[in-house]
Each structure stands twice: as structure tokens, then as C-alpha cells.
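What follows is one structure encoded as C-alpha cells, with my remarks underneath.
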Amino acid sequence: MTRLFVSLSAVLLATAATVFGATSAAAAPTTQTLWIQTMDSCRHALGGASQTVAGPGVSFVVGPGPGMRPAPVGSSPCPAPTGSCTVTTVGCVSFSLPVPTTGSATYNIGQAAAQAARNSVPCNGGSACRSETAQVVVDATGRVQARTTNTYPDGFTSWYPSATGFFAATQADPILFHDFVLGVGSCDGDNDADDRLTGSPSSHCDSEGDRSGTPKGGPPAPKGKVGTATGGTPPKAGTPHTPGTATGGTPPTVGTSHAPGTATGGTPPTVGTPHTPPNVPHSSHIPHVAIPRVTSTTPPLI
């Protein structure tokens, strides 16, 4: 009887171990379902957006999210730090990720420009915002922690739900993306990429650092004014330029004939009078001298 009892106990224990072992193994999921929701710059869910998921052994696109019109989600401040796919399904997509057998696995979710919601850019803070990505960590128990990082046009960074918080990536607490809807508002008034705003300009909407109105490189010179050149002052516009003093003498006044200086060896005649070379006797004072005949094919010099 004792042997029979021991044998039955062993069988029951082995069966229980098998059953509980199988139940324990089944409790660890091999995949986990995650949710994403896309909103505008405030707290309205937007349809039409897609995201790219990449990580260990996976790379795929999810979306576009459903919805033809924006749908309000709660009454939180702008931009909303969290969303809800139980309040509305607009902008919501779900997908699965593998659960690691040990430790944890990290995945990244991002948006390209063509993946943004309709008439939007794939980030928040202004029409020239830089990027928005989410980092997702899945551990061996299937628990998910996610946080979204957004970079504004001027490089300022913000996080959703916060700098220290995480999304659970569930339907009630989806990973949140904000896509900025384009409009006709201006950030800095120069009609470039950061001047397609909706709503009031944020303090980080300027992508070029020229919101003060001064272009890069310094203010332009006033029109019509001539600066001072090195070495002298240029004449006033419309006034003839008076030449400076030349080395060796004074030039004549503009419009007056030039009086030549004194030549070495004599004084030149007045302009218009035949010139008498210096130190040469006049022909009337030259005595008559007989010039001998020269036989030559070359005419004599006169």
C-alpha cells in the first residue's frame, strides 16, 4: 500500500510539473502589439500618416492611419503630451514586435516627409521643423516603454510624453507623433520655409536665426551713400573732380591752356610764336661761306 501511494504521488508530481511548466512557458509572449497615434501641433488626431519601424531583424512601414477629418482628443495643453486610441481611432495604427527571450530589444520609429499626414510636415513646432522619432524598448516579459523626441526649426528639443516619462504603447496610451499642418502664417517675414505656419508662431519657429529682421552677414549699406575710399575722399556726385597737386609743379586750371615750364638752356616762345632755339645765331648774322660742290648720288643735307 505504501509503495502504491509513493508511485501515485510521483506520477501526480510529474504531471503537475509538466502542466505548470507548459503554462509558464505560454505566459511569456513571443510578440507584443503596439499602438501609434498621429496628431496635429495641438490635440487633434490626424489621418493619413505613416511611420517606419526598424530594429533587430525588422524593418517595415505602418499606416496610413484612418480618418478624413481631424478629431479632438481630450483637453490637454498644446501640444498634447499623450493621445488615446480609445477616445478616437483617427490617426491610430497598430503593429506587432517580437519579444526577446532575454534582456530587451530597442526599436526606432520615424517619419519621412512623404509619410506625414495630409498637408503636414513630419514633426512639430513650425513648418521648417527638423525631425521626430520614437524610441521603443521591449523587454523579455513583453513590457513596452516608448518616448518620442521632436526637434523644432531652431534645434530646440522636446519629448512626449515628457523628458522622463514613457508611453505604454497600448490602445489607451499610444506612442504619439505630432505632424505640423502647413498654413499661410509667417515666422520671420522673409517668405521662406519657416513661413508656412498655422496658428501663432512659436518661439522656436525660426530655422535660420534671422527672426529679428537682420539678414545673415550684417545689415545692408544705405542706398545712395558712397563710403570713404582709402587714401582720400571721393568728390560729391555731379561735381567735377579737382585734381590734386602733381609732383614737380602745379597743373593748370581745368579748361585753361597749359603754360610750359622753363626749358634748360633757354626760354620757349609764347604759344603761337615761332620758336627760336637757344644759343643758335639768327640766319641774318651767319656770314656767307662758299660751299664746295660735292659729287654724290645722295642729296646734301639742308
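Quick look at the numbers
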{"item": "Single residue of the range 102-134 satisfying the filter (touching a residue at least 40 places away in the same chain (Cβ under 8 Å) and among the hydroxyl-bearing types (Ser, Thr, Tyr)) that is nearest to Val53 (Cα to Cα)", "result": "Tyr107"}
{"item": "Tally of residues being under 19 Å from the mean Cα position of the chain (by Cα) and either assigned to a strand (DSSP E or B) or within 30 Å of Gly103 (Cα to Cα) (or both) across the range 147-159", "result": "5"}
{"item": "Residue count, the range 160-175 (criterion: assigned to a loop (DSSP other than H, G, I, E, B) and touching a residue at least 12 places away in the same chain (Cβ under 8 Å))", "result": "11"}
{"item": "Subset of the range 46-70 (residues that are loosely packed, with under 14 Cβ neighbours inside 10 Å and in a loop (DSSP other than H, G, I, E, B))", "result": "Pro56, Gly57, Met68, Arg69"}
{"item": "Whichever residue in the range 122-162 is within 14 Å of Phe177 (Cβ to Cβ) and among the aromatic types (Phe, Trp, Tyr) and, among such residues, is surrounded by the most Cβ atoms within 10 Å (Cβ to Cβ)", "result": "Tyr160"}
{"item": "Selection within the range 122-146 - in a strand (DSSP E or B), of a type outside the set (Asp, Glu) and closer than 18 Å to Ala45 by Cα", "result": "Thr133, Ala134"}
{"item": "Per-region count, the range 71-121, residues part of a strand (DSSP E or B) and either crowded, with 17+ Cβ neighbours inside 10 Å or not polar (S, T, N, Q) (or both)", "result": "13"}
{"item": "Selection status of Asp173, of a type in the set (Asp, Glu) and over 23 Å from Ala71 (Cβ atoms)", "result": "no"}
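Each reported figure results from applying straightforward, stated rules to the coordinates on display, with no laboratory input. Just so you know, these numbers come straight off a predicted model, no measurement behind them. Backbone-built Cβ (ideal geometry, glycine too); neighbour counts: all protein chains shown.
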